[in-house]
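Only one structure is covered here, and it is reproduced in the block below.
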């Protein structure tokens with residue numbers, strides 16, 4: 001008599017959608033973290049915004065009820081990645097993975113997501129707006145205009161030559177962040 005065959009486990013369609021969205025959000029948190037760090041090193045506009053943050057100030061993204069997250073902190077006038085532990089000084093929390101997916105896949109803009117109560121911000125409102133300007137700037141530089149128009153309330157007015165220089169410097173910073181010998185703590 002042979003042993004009963006192990007039945008392959010199947011995910012329900014809703015579980016498959018959830019796992020796919022979660023994987024996408026995790027990837028986008030990683031990309032977004034690297035973008036904001038590289039942008040803070042390359043863009044004088046973002047560096048000027050960072051001057052308004054206290055040294056050591058931590059900013060995080062999270063999904064309610066999940067371990068996914070992103071943390072950056074202000075260190076020496078720029079954003080640096082920091083471990084996703086503890087409570088940040090400012091935290092942007094998505095109420096569900098589907099809401100994070102909609103925003104990070106540019107199906108819904110940040111202002112619309114806030115208006116639809118899909119995410120909340122815990123912390124200083126003025127610093128939250130300052131950080132939003134940094135995110136808007138890096139997205140405005142890096143995303144093609146049609147995609148940026150979906151993500152942002154308005155596109156930043158950056159001359160093409162300056163935008164190309166910034167995009168090149170930010171991209172170089174992202175590429176360099178993958179080098180284990182140059183990664184900063």
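The values are calculated or read from the model by the stated rules, or taken from the named source; none is laboratory data. Just so you know, these numbers come straight off a predicted model, no measurement behind them. Glycine also receives a Cβ, built like all others from the backbone with ideal geometry; neighbour counts cover every protein chain displayed.
Below, the figures for the structure above:
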item: Considering residues of segment 137-148 that are without any contact (Cβ under 8 Å) to a residue 24 or more places away in the chain and loosely packed, with under 15 Cβ neighbours inside 10 Å only, the residue nearest to residue 42 (Cα to Cα); result: 144
item: Residue match in segment 82-89 (condition: in contact with a helix residue (DSSP H, G or I) (Cβ under 6 Å, 6 or more places away or on another chain) and modelled with pLDDT of 90 or more); result: no
item: Qualifying residue in segment 83-92 (condition: outside any loop (DSSP other than H, G, I, E, B) and under 19 Å from residue 174 (Cβ atoms)); result: no
item: Test set (1) under 24 Å from residue 59 (Cβ atoms); (2) surrounded by 11 or more Cβ atoms within 10 Å (Cβ to Cβ) - residue 168 fails condition number; result: (1)
item: Selection count, segment 55-80, where residues are part of a loop (DSSP other than H, G, I, E, B), at negative phi and either in contact with a strand residue (DSSP E or B) (Cβ under 7 Å, 6 or more places away or on another chain) or touching a residue at least 24 places away in the same chain (Cβ under 8 Å) (or both); result: 5
item: Residue check for residue 161: part of a helix (DSSP H, G or I), free of Cβ contacts under 8 Å to residues at least 12 places away in the same chain, out of contact with any helix residue (DSSP H, G or I) (no Cβ under 9 Å at 6 or more places or on another chain) and within 17 Å of residue 110 (Cβ to Cβ); result: no
item: Boolean, residue 43 is under 23 Å from residue 163 (Cβ atoms) and crowded, with 18+ Cβ neighbours inside 10 Å; result: yes
